[in-house]
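The values are calculated or read from the model by the stated rules, or taken from the named source; none is laboratory data. All values reported here derive from a predicted model rather than from experimental measurement. As a convention, Cβ positions derive from the backbone with ideal geometry for all residues, glycine included, and neighbour counts pool all protein chains shown. To get the accessible areas, we keep the full protein, side chains included, count just its heavy atoms, and leave off ligands, DNA and RNA. Shrake-Rupley method; radii C 1.70, N 1.55, O 1.52, S 1.80 Å.
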Amino acid sequence: MYFPYMYVKRHELLALRALSKKIAIKRKIFPILEPVNKSLGDLARALKVLKKDGNATVVIVNPNLIEYKGSAGNFDLVQSSIDLLGYLNDKVLIPAFKIVDSTTLAEVQVFLNKYLNFAPVLIHTSAHLPLGGGGVNFNVLNVFIDGTVPANYISSFPGSKVIIKDGFVAASTNATFPPSNYYYDLNVNYLSQGFVGFGDYTITGRNIKAGGGPAYAVAIHLSYEDPVLAHSGIAPIYINHFLSRTITNPPNDNALKIGEALPALQNFIMKYPGIRGGAPRFSFSNAAAVYMKLNPKTTLGKIKEYSIQHHIEVMENQL
């Protein structure tokens with residue numbers, strides 16, 4: 001099972017909506033959504049689409065980033081903003097509670113008491129509470145954010161566990177991304193590590209800012225399977241960064257920059273080694289097919305959307 005951890009922003013949600021019918025076929029993808037803005041209209045619309053196709057979605061009910069900063073523990077913030085109860089009754093929305101350094105045992109217990117009949121999720125970003133050793137009900141799925149809790153804390157939990165790792169190596173600026181870098185191999189070894197599922201932060205990374213910042217250079221990110229091992233069906237993941245040559249003060253020349261980066265991406269898609277009788281390697285990816293039709297007038301937001309969509313398709317292709 002694959003759990004993409006996604007912040008609730010417009011293009012992230014549009015990517016999920018575009019994928020909804022496709023991921024409903026295997027039912028092995030369970031997005032984890034953390035709201036970052038108190039306006040949740042886009043989330044409600046995305047949940048409606050995902051619900052219609054029968055996709056189960058994890059929603060964090062006590063977000064603590066951006067507009068929710070300092071609000072950890074108050075899970076009424078999200079529940080009161082959208083009709084979560086209706087989705088819960090349909091068993092397509094899975095409530096999740098995010099454990100941070102300030103979380104108390106009482107807050108966890110309130111959450112579990114409220115949602116225990118809905119197979120809730122605990123997301124661990126801190127190990128300060130004595131929750132392992134069978135103390136958490138078996139009906140709870142425990143999700144651990146790699147690098148935030150020690151291995152012995154993870155091993156103390158019985159039952160089903162998921163590991164989330166940020167494979168996206170951020171650069172100080174778009175212009176300083178390398179052409180390519182290793183992403184991770186959790187998709188290959190998560191089962192041998194004792195997890196029932198794995199996840200990541202797609203092509204956006206775990207760190208989030210309130211604003212996107214100016215694009216002095218354009219970088220288009222595309223994940224792909226190791227071409228040497230791809231024939232095996234399950235291979236480590238790498239990510240390419242296609243950059244514009246022009247580095248100037250935005251935003252008047254975004255089309256110029258996209259026009260420089262996009263052809264390199266399209267050429268990579270065409271030439272990436274094929275498998276299974278010479279079929280194009282990215283034939284499974286609807287987003288890759290869309291990328292081949294784009295022109296420089298495409299917005300940076302849409303490009304981000306297609307890259308997220310493609311990344312999830314790459315992961316689903318290995319499940």
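For Gly159, the criteria (1) farther than 30 Å from Gln109 by Cα; (2) open to solvent by less than 70 Å² (accessible area, probe 1.4 Å) hold in every case but one, which is (1).
The number of residues in the stretch 89-108 being open to solvent by 80 Å² or more (accessible area, probe 1.4 Å), under 29 Å from Gly54 (Cα atoms) and either in contact with a Leu (Cβ under 8 Å, 6 or more places away or on another chain) or modelled with pLDDT of 85 or more (or both) comes to 0.
Table: residues versus (1) assigned to a loop (DSSP other than H, G, I, E, B); (2) at pLDDT 85 or above; (3) more than 24 Å from Thr104 (Cβ to Cβ).
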position: Leu14; (1), (2), (3): no, yes, yes
position: Ala72; (1), (2), (3): yes, no, no
position: Val78; (1), (2), (3): no, no, no
position: Tyr87; (1), (2), (3): no, no, yes
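Residue under question is Ala261, and the condition is that it be more than 19 Å from the chain's Cα centre (by Cα), aliphatic (A, V, I, L, M) and modelled with pLDDT under 90; does it hold? Against the criterion (more than 19 Å from the chain's Cα centre (by Cα), aliphatic (A, V, I, L, M) and modelled with pLDDT under 90), Ala261 does not qualify. Using the structure shown, decide if Tyr182 is in a strand (DSSP E or B), more than 14 Å from the chain's Cα centre (by Cα) and hydroxyl-bearing (Ser, Thr, Tyr). Yes.
Take Ala170 and decide whether it is within 30 Å of Ala217 (Cα to Cα), of a type outside the set (S, T, N, Q), surrounded by 14 or more Cβ atoms within 10 Å (Cβ to Cβ) and modelled with pLDDT under 95. Step through it out loud before you land on a result.
On the way: within 30 Å of Ala217 (Cα to Cα): yes; of a type outside the set (S, T, N, Q): yes; surrounded by 14 or more Cβ atoms within 10 Å (Cβ to Cβ): no; modelled with pLDDT under 95: yes.
Answer is no for this residue.
Could you pull out the residue among Asp200, Asp226 that is touching a Pro at 6+ places or on another chain (Cβ under 7 Å), at pLDDT 95 or above and either of a type outside the set (A, V, I, L, M, F, W, C) or open to solvent by less than 10 Å² (accessible area, probe 1.4 Å) (or both)? None of the other options fit; the residue is Asp200. Could you tell me which of the residues Asn142, Asn189 is under 30 Å from Ala235 (Cα atoms), surrounded by fewer than 19 Cβ atoms within 10 Å (Cβ to Cβ) and under 20 Å from the mean Cα position of the chain (by Cα)? Exactly one residue qualifies, and that residue is Asn189. Restricting attention to the stretch 48-66, which residues are in contact (Cβ under 8 Å) with a residue 40 or more places away in the chain and open to solvent by 10 Å² or more (accessible area, probe 1.4 Å)? Answer for the stretch 48-66, where residues must be in contact (Cβ under 8 Å) with a residue 40 or more places away in the chain and open to solvent by 10 Å² or more (accessible area, probe 1.4 Å): Lys51, Leu65, Ile66.
Conditions tested, residue by residue: (1) touching a residue at least 12 places away in the same chain (Cβ under 8 Å); (2) touching a Cys at 6+ places or on another chain (Cβ under 8 Å); (3) under 28 Å from Glu225 (Cα atoms); (4) open to solvent by 40 Å² or more (accessible area, probe 1.4 Å).
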| site | (1), (2), (3), (4) |
| --- | --- |
| Asn117 | no, no, no, yes |
| Leu122 | yes, no, no, no |
| Thr125 | yes, no, no, no |
| Gly132 | yes, no, no, no |
| Asp146 | yes, no, yes, yes |
| Thr176 | no, no, yes, yes |
| Pro179 | yes, no, yes, yes |
